[in-house]
Amino acid sequence: MNIALRYAARSDVGLVRSNNQDSGYAGPHLLVVADGMGGHAGGDVASSIAIAALAPLDGESHGPDDALAELERSIDHARQDLVDRSVTDPELVGMGTTVTAILRAGNKLAMAHLGDSRAYLLRDGELTQVTTDHTFVQHLVDTGRISPDEAETHPQRNVVMRVLGDFDIDLTPDMSVREAKPGDRWLLCSDGLSGFVSPETIAQTLADTPDVDECADHLLQLALRAGSTDNVTVVVADILDLDVLPDGAAPGTGAQIVGSAAIDRDAPTSAADGPAARAAALMASANAPAATEEPAADDAPEAAEGEATPGDVAEEGEGDVRPGRAPRRWITVVAILLVVAGLGVAGWAGYRWTQTQYYVGVADGQVAVFRGIPENAGPVTLSTPIELTGTRVADLPGYVVDRLETTIPAESLEDARARAERLVAEAAEESTDAPATDGTTQTPTEGATETPEAGAPDVTPAPTDGAGSGA
């Protein structure tokens, strides 16, 4: 049996982000998805470094006995490259990336996994999630503290506990070896897909779309139509037996590199026309310099609309679309694990990273700017309110209060202040627009129902990681 891969890689900046921090790679021996995180200046660099460290593995065949060790060694090299880059460029300190990679070695597949990107296997029509998310909520599910359904809407569902980063600590990836079985279809993806499109829809798309390029395009459009707030990256690969393929049907062997590791890291979204895409276009035009948009692939919109059930669900927001994730993910790499474990200098390095993060929340009944992340590690509190706005939470509309209670991540202290100021302005507007007390009723103007400030803290397309990230 002569095994080969037929593959396709796609990546899109998404509907909210200003740049693409995901990276993807697909080649005859290697498949990788990396979801960078660490702010506008760091996430794209981190995922690109990971791809650069792993890509040389695609240049030669590997024996089953050494493939796993070589894959793990390359990931360790990537980690060291991240550390070295942070030393030379302090603005990148705290960057990290998920890594989910498959290295083909004959009829075996060596796999490495860190973070919350995912690997799925479609075999005989049944979809299996092969990887386990390295997230706080997955830990809660594994320990029986919450159910999988509760995890879908948990306020800390974006907290990643294990990533490849510039932290001077040992975070060993999950390593495994699996059989490469002809007829199998593999999907590697960032959480820009898996966080917004249900496993059932993913399975249907993988099963019903034979061509890997069309399948990758379709999955990408499903995520965008679902309103994904994150970068979206997918790698689809079929396992083939070359001995039974007809003449001329052998797969190509050229590498496909997408996302921030490619030259199109700042390319605009290729989202098909729809409510979410139109909203993203309006936000982009209002908050960014004008740019020439590259046309979407001609067949991508038709692919998304041709699948009636997934397309309808994505447009109407019914059961197949998961709850949206926050635009940025808290990377609690050591906050939950290492401080509790008492790992000395490594734990301190992780704590120091948390103190470079900011968010908006509630303190003393007021809107407040916090330094840190909204978590505790045993007796250690990882956040501190540093500025009180004087605006009472009781004066804010209920939906804003709900958002504050789950916290509003920010890119920097200045960004946190700006988000808090918008909340203060919104509170003042709510007070001004309140019904008169003399028995008269104010008649709203036609445009008042379309005020863009409502929910502004959630949709401002400031450069963010992630979700997250994201990440």
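Being at pLDDT 95 or above, among the charged types (D, E, K, R) and within 28 Å of Ser18 (Cβ to Cβ) narrows it down to one residue among Asp230, Asp213; which is it? Give the steps one after another, and end with the answer.
Working: Asp230 fails: at pLDDT 95 or above.
On inspection, the qualifying residue turns out to be Asp213.
Would you confirm, using the coordinates I've provided, whether Ala110 is part of a strand (DSSP E or B), small (Gly, Ala, Ser) and at pLDDT 95 or above?
Numbers: part of a strand (DSSP E or B): yes; small (Gly, Ala, Ser): yes; at pLDDT 95 or above: yes.
Taking the combined requirement at face value, the residue satisfies it.
Let's see how each residue does on (1) within 27 Å of Gly38 (Cα to Cα); (2) surrounded by 14 or more Cβ atoms within 10 Å (Cβ to Cβ); (3) more than 16 Å from the chain's Cα centre (by Cα):
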site	(1), (2), (3)
Leu121	no, yes, yes
Glu126	no, no, yes
Val130	yes, yes, yes
Thr135	yes, yes, no
Gly144	no, no, yes
Asp149	no, no, yes
Val159	yes, yes, no
Arg162	yes, yes, no
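Condition (residue is part of a helix (DSSP H, G or I) and in contact with a Gly (Cβ under 9 Å, 6 or more places away or on another chain)) applied to segment 60-69: is it met by at least one residue? Before you say what the answer is, go through the steps one by one.
Going through segment 60-69, the residues part of a helix (DSSP H, G or I) turn out to be 67-69.
From what is left, the residues that are in contact with a Gly (Cβ under 9 Å, 6 or more places away or on another chain) are 67.
Scanning segment 60-69 turns up at least one residue that is part of a helix (DSSP H, G or I) and in contact with a Gly (Cβ under 9 Å, 6 or more places away or on another chain).
The values are calculated or read from the model by the stated rules, or taken from the named source; none is laboratory data. On a predicted model such as this, the values are computed, not experimentally measured, just so you know. Don't worry about glycine lacking a Cβ; one is built from the backbone with ideal geometry, like all the others, and counts go over all protein chains shown.
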